[in-house]
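Worksheet: the structure to be examined is printed underneath.
The values are calculated or read from the model by the stated rules, or taken from the named source; none is laboratory data. Since the model is a prediction, treat every value here as computed from it, not as a measurement. Every residue, glycine among them, receives a Cβ derived from its backbone with ideal geometry; neighbour counts consider all protein chains shown. To get the accessible areas, we keep the full protein, side chains included, count just its heavy atoms, and leave off ligands, DNA and RNA. Shrake-Rupley method; radii C 1.70, N 1.55, O 1.52, S 1.80 Å.
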Amino acid sequence: MGTHRSLGNSHRAWGNFPSDDAYTGGSDDSDQQTYQDADKYKVSPLDPADNLKTQWQTNFQGIYACNLLISNVPNDKDFNRQAIAEAKFLKAFYYFELVRIFGGLPLLDKPMSPVDQVKRSTYDETLQYIADILNDAINMKKLNGTSPALQVRTSQSGPTNGRATLASAQALLGKIYLYQKKYKEAISILLEIDKNNNYALETNYSDIFKVGNKLGKESIFEINYSKDNGLGSLAIGNGEIQLFGPRPVSLTEFNSDIIAGWGFDQPSQNLVDAYKSQNDILRLNTTVVSCDSLQKIYNAYKKSDQPPITWQNSKDGYWDGKSIPRNSNRGTGWGYDQTNTIVIRLADVYLMLAEAYNRTGNDGEARNYLNKVRKRVGLPDVTSSGDALFEAIKLERRLELALEGERYFDLLRWGDAEKVLGPLGYKDGTPGVKTNGLFPIPQSEINRTTGEYVLEQNPGYN
């Protein structure tokens, strides 16, 4: 997992860049061309920077590794059964990374050789396949036949080994059910997490993203990174932090504990205005850092006013505050940043519960879970019902989870992409209306398949 995430090929890139929350950024409008094309809704199957190809290949490599373990490890020991259940969770996770971007996929039940080929399944079939795998992982037991094979959190941190837990699989399954519009099923499985008092919202929103708070009480599943493992491998560090960090013209110009990055994932004025419209200053100040505030930090570090920092390709004057590179968080180079990536956390679960309750007509419980999230950041309770409450839940997901890779995919599953993103180019773009919001399968991957098993390109890219 570390390799593709360290290069920015993750749901955060594809969930942020084509959304209204962020610009691709980078050094200029040709830096990592496929990412730039996603921002402008001009993505091509030719995938000029191989960003989509990397996303496709690395996740299928993960699926292959999971299938190797699932197919070959005997289930006669508790540790083995735990490993098999974890592999099933990870396989489902890799497929979820892919299905949101590309749609229906080849479903691989066993390790495949390079010459083996499988027909592509539909989007709905792929979602159900993921749900089935997760249910298998959740229902797998230790040899005693009662305890789950997956670890269960028993304190407000960890498990410190960073492995997937029962709640990890339950939360991902709940999200799959939302995508399938199986709201009652989503409620049932997500409530299992809420029953475990060892999960709780962090008191301070900003603490969620602090390096010293790895595997904290709000975290349900996160990708673990470290400064150095002594092997010299870039895969052990989170290079996405460098990718998304603020970019001055000279990468050595800005230097305090906060250091320069490559300038991708720049928050939009639209996002900033959304926070300000709700007087949501606590989350704004964590999620977005401005050029002006970085200048002040630099001045304070130097203990005097410094010449203005010249920023490269700054769009609206903002940078990703949840992905700030710091000297104190990294080892010997940019690829050795120990900042973990939180994939699912409890606030997301609460907002999924709020949505599912609202869609099944139980607005009282919907408001209960929505207002738990709002209370943490000092916002007043929402009192609306019905569709007005649904709109409040949608806005809350945007503000709570901004720049965490959910926005674009949320807009798609709600059917709001054309309305919200149409003015940015989505309506007639790729991805866009004619592509059902999906990205193209890289042409290089299609070229590797033949005959009756040839991968069919997504509609709108032919």
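Some observations on this one:
- Candidate set from the range 108-162 (those that are part of a loop (DSSP other than H, G, I, E, B), modelled with pLDDT of 95 or more and among the basic types (K, R)); member that is nearest to L215 (Cα to Cα): R153
- Residue count for the range 46-60 satisfying the condition of being touching a Ser or Thr at 6+ places or on another chain (Cβ under 7 Å) and open to solvent by less than 40 Å² (accessible area, probe 1.4 Å): 5.
- Cβ-Cβ contacts under 9 Å between residues 6 or more apart (or on different chains), taken from a first residue in the range 354-367 that is at positive phi to a second residue that is surrounded by fewer than 17 Cβ atoms within 10 Å (Cβ to Cβ), are listed as G361/G386.
- Once the range 182-200 is narrowed to residues that are buried (at least 19 other Cβ atoms within 10 Å of the Cβ) and within 21 Å of the chain's Cα centre (by Cα), the residue that is nearest to N340 (Cα to Cα) is Y199.
- Pairing each residue of the range 126-137 that is over 12 Å from A169 (Cβ atoms) with any residue that is not in a helix (DSSP H, G or I), provided the two are 6+ apart or on different chains, yields C-beta distances under 8 Å for T126/G103; T126/G104; T126/L105; T126/L107; L127/Q180; Q128/Q180; Y129/L107; Y129/S121.
- All positions within the range 61-75 that are open to solvent by 60 Å² or more (accessible area, probe 1.4 Å) and either in contact (Cβ under 8 Å) with a residue 60 or more places away in the chain or touching a Lys or Arg at 6+ places or on another chain (Cβ under 6 Å) (or both): S71, N75
- Selection count where residues are in a helix (DSSP H, G or I) and open to solvent by less than 40 Å² (accessible area, probe 1.4 Å), scope the range 415-451: 6
- Test set (1) more than 25 Å from K217 (Cα to Cα); (2) more than 23 Å from the chain's Cα centre (by Cα); (3) crowded, with 16+ Cβ neighbours inside 10 Å - L412 fails condition number: (2)
- Of the residues making up the range 28-60, those that are in a loop (DSSP other than H, G, I, E, B), among the acidic types (D, E) and either within 19 Å of K427 (Cβ to Cβ) or out of contact with any Lys or Arg (no Cβ under 9 Å at 6 or more places or on another chain) (or both) are D28, D31, D50.
- Only residues that are free of Cβ contacts under 8 Å to residues at least 40 places away in the same chain and either part of a helix (DSSP H, G or I) or in contact with a His (Cβ under 6 Å, 6 or more places away or on another chain) (or both) were counted across the range 368-384, and they come to 6.
- The condition (being open to solvent by less than 40 Å² (accessible area, probe 1.4 Å), over 30 Å from L173 (Cα atoms) and touching a Ser or Thr at 6+ places or on another chain (Cβ under 9 Å)) is satisfied by just one residue among G333, G317: G317.
- Tabulated pairs, the range 404-415, first within 15 Å of Y123 (Cβ to Cβ), second not in a helix (DSSP H, G or I), C-beta under 6 angstrom, 6+ apart or interchain: L412/G437
- Number of the condition not met by N238 [criteria: (1) modelled with pLDDT under 95; (2) open to solvent by 40 Å² or more (accessible area, probe 1.4 Å)]: (2)
- As a summary of the residue check, A83 satisfies the conditions (1) surrounded by fewer than 19 Cβ atoms within 10 Å (Cβ to Cβ); (2) not in a helix (DSSP H, G or I) except for the one numbered (2).
- Within the range 151-181, tally of residues that are out of contact with any helix residue (DSSP H, G or I) (no Cβ under 8 Å at 6 or more places or on another chain) and either hydroxyl-bearing (S, T, Y) or surrounded by 19 or more Cβ atoms within 10 Å (Cβ to Cβ) (or both): 5
- Residues of the range 272-284 that turn out to be of a type outside the set (G, A, S) and either touching a residue at least 40 places away in the same chain (Cβ under 8 Å) or open to solvent by less than 10 Å² (accessible area, probe 1.4 Å) (or both), as a count: 7
- There is no residue in the range 385-399 that is part of a loop (DSSP other than H, G, I, E, B) and open to solvent by less than 10 Å² (accessible area, probe 1.4 Å).
- Members of the range 6-45 found to be surrounded by 24 or more Cβ atoms within 10 Å (Cβ to Cβ), among the charged types (D, E, K, R) and more than 26 Å from L284 (Cα to Cα), listed by number: D37
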